[in-house]
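Below you'll find the structure, written out as structure tokens, and then a few comments.
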């Protein structure tokens, strides 16, 4: 009984030992050919492709129902889809708007943008956690906090010399009479 829980049969182990490195090497080669952009995770679609590639690799390693050829086909299909969507989003604003979300300003010049927090379903406590994790742990020392299109946060510190932050340099709209 314990033997069955630990080892179904040696054939499964042998399959994993043979197919595992093959699938891994194929995925690495496919990623090298497709370029760094494939794993950049710049938007939600990139993240989905990255997770799906990992899931496919796990499936071929752990399931004898997934043949190497099927996994290789899935790798190529996912990478091709990512390349097509990324290329189309560079060439078409409509596709870019469909694939990418815009960064959202959550805090500016020490003022929390409550409406943006509600829209993005982020609490004040979570925003303060983001600030504490940055190099600038004092909210008064923060020029802006941005929820980026990939789901990460950018904390932009206020200039140390007391001048107004250059919001345009960070891709943000100019402050409206504040600071």
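What follows draws every value from the coordinates through simple rules; no lab data is involved. Being a predicted model, the structure only gives us computed values, none of them experimental. Neighbour counts run over all protein chains shown; Cβ positions are idealised from the backbone, glycine included.
Before anything else, pin down the relative contact order of the range 104-170: Cα pairs under 8 Å, at least 6 apart, normalised by residue count, whole percent.
On the way: 85 pairs, mean separation 21.1, N = 67.
Value for the range 104-170: 32 percent.
The value of relative contact order for the chain, using C-alpha pairs under 8 Å at least six residues apart, is 17 percent. Between the helical axis of 44-62 and the longest alpha-carbon principal axis of the chain there is an angle of about 20 degrees.
Sorting 46, 150 from the fewest to the most surrounding beta carbons within 10 angstrom yields 150, 46. Average projection, convex hull of the Cα set of the range 2-98: 7.2 square nanometres.
Report summary: the helix-based calculation at 222 nm, which adds -39500 (n - 2.57) for every DSSP H run with n ≥ 4 and divides by the residues of the chain, gives -17500 deg cm²/dmol. What share of the DSSP beta bridges in the chain is antiparallel, in percent to the nearest 5? Approximately 100 percent, going by the DSSP bridge assignments.
Once volume of the Cα convex hull per residue in Å³ is calculated for the structure shown, the corresponding label among (1) 166; (2) 190; (3) 109 turns out to be (2). Computed over the range 2-98, relative contact order equals 29 percent, with contacts defined as Cα pairs under 8 Å that lie 6+ residues apart. Relative to the dominant Cα principal axis of the chain, helix 10-34 is inclined by about 40°. Between the helical axis of 68-91 and the longest alpha-carbon principal axis of the chain there is an angle of about 20 degrees.
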